[in-house]
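The values are calculated or read from the model by the stated rules, or taken from the named source; none is laboratory data. All figures in this text were calculated on a predicted structure; none of them were measured in a lab. Neighbour counts run over all protein chains shown; Cβ positions are idealised from the backbone, glycine included.
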Amino acid sequence: MIANQLSPEIYFSASAAQLFRKTIPLFGALLLWIVAVQAQPATDAHPGDPQARVIEGVSNATVFGLGQSIRITGTVKEGAIAFGGDVIVEGAVDGDVAAIGGSVIQREGARIGGDVIVVGGIYHHGKAAPDRDPQSVTIMYAGYEHELRSVMREPFSVLRPQLTAAFLGMRLLAVLFWFIISLAITAAMPNTVSRAVARLQLTSLRVALIGVLGTVVVTIGVAVCLLVLPEVIGAVISILALLLVLVATLFGRVVIFATTGRWLQRRFFTRLQSQSLTLLLGVVFWVLLASLPYVWPVVIGGLLVLSLGLALTARYRISWKKSATEKI
């Protein structure tokens with residue numbers, strides 16, 4: 001009876017189920033719009049960065065571009081990589097070429113002997129077939145080049161996001177995503193979520209402590225396994241640890257959203273009776289809090305620690321009931 005009095009009753013009515021079905025098309029449409037806005041089609045002509053640092057002659061070491069583009073007119077024996085800029089190859093590079101937050105541009109007559117890796121930009125080599133090693137590979141993820149370039153050139157800019165249309169769209173997408181996940185998890189495990197909400201309300205400090213210890217154990221354990229055990233076993237353990245963190249994040253965030261929404265409903269929206277809207281209040285609150293400049297890394301870290309603590313104590317009931325009795 002004590003648990004029933006303290007834990008919020010999370011359930012789904014017919015209107016909540018209809019809301020769940022209606023939000024899925026909206027979520028998909030918003031996702032397609034953001035992808036279409038951020039997509040960067042490859043063009044036949046890429047001028048490159050006119051302020052790129054020029055590498056002439058013969059270089060026996062790997063060439064780096066930190067926050068700037070590099071233009072290779074000579075010969076590089078090793079490789080070339082640019083963080084926040086383009087790699088423009090007009091001569092020859094015997095090794096790999098990579099650009100993070102930029103593009104790799106291979107001019108006519110230029111040669112790249114190794115692999116090409118592009119994150120954010122494009123790999124442009126003109127209309128003719130590039131001079132490449134047949135055994136080399138090309139790895140490219142096109143999208144968000146401007147954002148990655150800005151982060152690479154000004155790392156602290158990630159702590160103060162700008163109010164742009166893309167930023168607001170991503171926040172709205174996050175609200176829809178977590179609201180749909182919350183509806184689905186609370187519908188599938190209403191009793192488990194209710195017990196976790198009561199546990200978080202009663203002993204949040206204990207849950208946070210267990211989450212911190214769990215984070216340390218998982219991080220150190222995975223690192224030790226990768227160093228000591230065979231590669232296959234270490235990879236399997238790493239995947240399992242990643243799955244644990246993923247499941248804990250999904251479950252724990254839903255519990256935190258439900259707890260926060262319940263608290264907001266009791267303090268400011270006493271006439272609000274819909275459990276779905278109460279859950280939406282919690283989602284909006286945490287998405288907005290995670291969007292604040294300079295604060296969001298702490299918020300994300302706190303959510304991760306609490307989520308892991310809630311997941312690790314999901315079936316531990318005896319001490320929680322004892323704590324509830326002591327509080328009453």
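Tell me which residues, restricted to segment 71-86, are within 17 Å of VAL151 (Cα to Cα) and part of a strand (DSSP E or B).
Result: ILE81, ALA82, PHE83.
Please name all residue pairs, on different chains or six or more residues apart, with Cβ atoms under 7 Å, provided the first residue is in segment 290-301 and is assigned by TED's automatic domain parsing to the domain that holds PHE167 and the second residue is outside any helix (DSSP H, G or I).
SER291/PRO161; PRO293/ARG160; PRO293/PRO161; TYR294/ARG160; TRP296/ALA290; VAL299/ALA290; ILE300/ALA290
If you go through segment 61-70, how many residues are in contact with a Lys or Arg (Cβ under 8 Å, 6 or more places away or on another chain) and not in a strand (DSSP E or B)?
Selection size over segment 61-70: 4.
Name the pairs whose Cβ atoms lie under 6 Å apart, with the first residue in segment 186-203 and more than 14 Å from GLY252 (Cα to Cα), the second assigned to a helix (DSSP H, G or I), and 6 or more positions between them or separate chains?
Once the first residue is more than 14 Å from GLY252 (Cα to Cα) and sits in segment 186-203, its partners that are assigned to a helix (DSSP H, G or I) give LEU202/SER323; LEU202/ALA324; THR203/SER323.
Against the condition under 19 Å from ASP115 (Cα atoms) and surrounded by 15 or more Cβ atoms within 10 Å (Cβ to Cβ), how does ILE88 come out, does it pass?
Here the answer is yes, as ILE88 does meet what is asked.
Which residues, counting only those in segment 164-186, are among the polar types (S, T, N, Q) and farther than 14 Å from SER291 by Cβ?
Of everything in segment 164-186, those that are among the polar types (S, T, N, Q) and farther than 14 Å from SER291 by Cβ turn out to be SER182, THR186.
So HIS46 passes all but one of these: (1) buried (at least 18 other Cβ atoms within 10 Å of the Cβ); (2) modelled with pLDDT under 80; (3) in contact with a helix residue (DSSP H, G or I) (Cβ under 7 Å, 6 or more places away or on another chain); (4) not hydroxyl-bearing (Ser, Thr, Tyr). Which condition number does it fail?
For HIS46, the failing item is (3).
Considering each of LEU244, LEU264, LEU202 in turn, give the residue that is surrounded by 14 or more Cβ atoms within 10 Å (Cβ to Cβ) and within 14 Å of SER307 (Cβ to Cβ).
Answer to the selection: LEU244.
Checking the structure you have, find out if any residue of segment 105-121 is surrounded by 15 or more Cβ atoms within 10 Å (Cβ to Cβ), of a type outside the set (A, V, I, L, M, F, W, C), in a strand (DSSP E or B) and touching a residue at least 60 places away in the same chain (Cβ under 8 Å).
Yes, there is a match, as at least one residue in segment 105-121 is surrounded by 15 or more Cβ atoms within 10 Å (Cβ to Cβ), of a type outside the set (A, V, I, L, M, F, W, C), in a strand (DSSP E or B) and touching a residue at least 60 places away in the same chain (Cβ under 8 Å).
Just a yes or no: is a residue in segment 256-268 part of a loop (DSSP other than H, G, I, E, B) and either in the same structural domain as LEU172 (by TED's automatic domain parsing) or touching a residue at least 60 places away in the same chain (Cβ under 8 Å) (or both)?
yes
Of all residues in segment 87-104, count the ones that are closer than 16 Å to THR138 by Cα, in contact with a Lys or Arg (Cβ under 8 Å, 6 or more places away or on another chain) and not in a strand (DSSP E or B).
Total meeting the criteria: 2.
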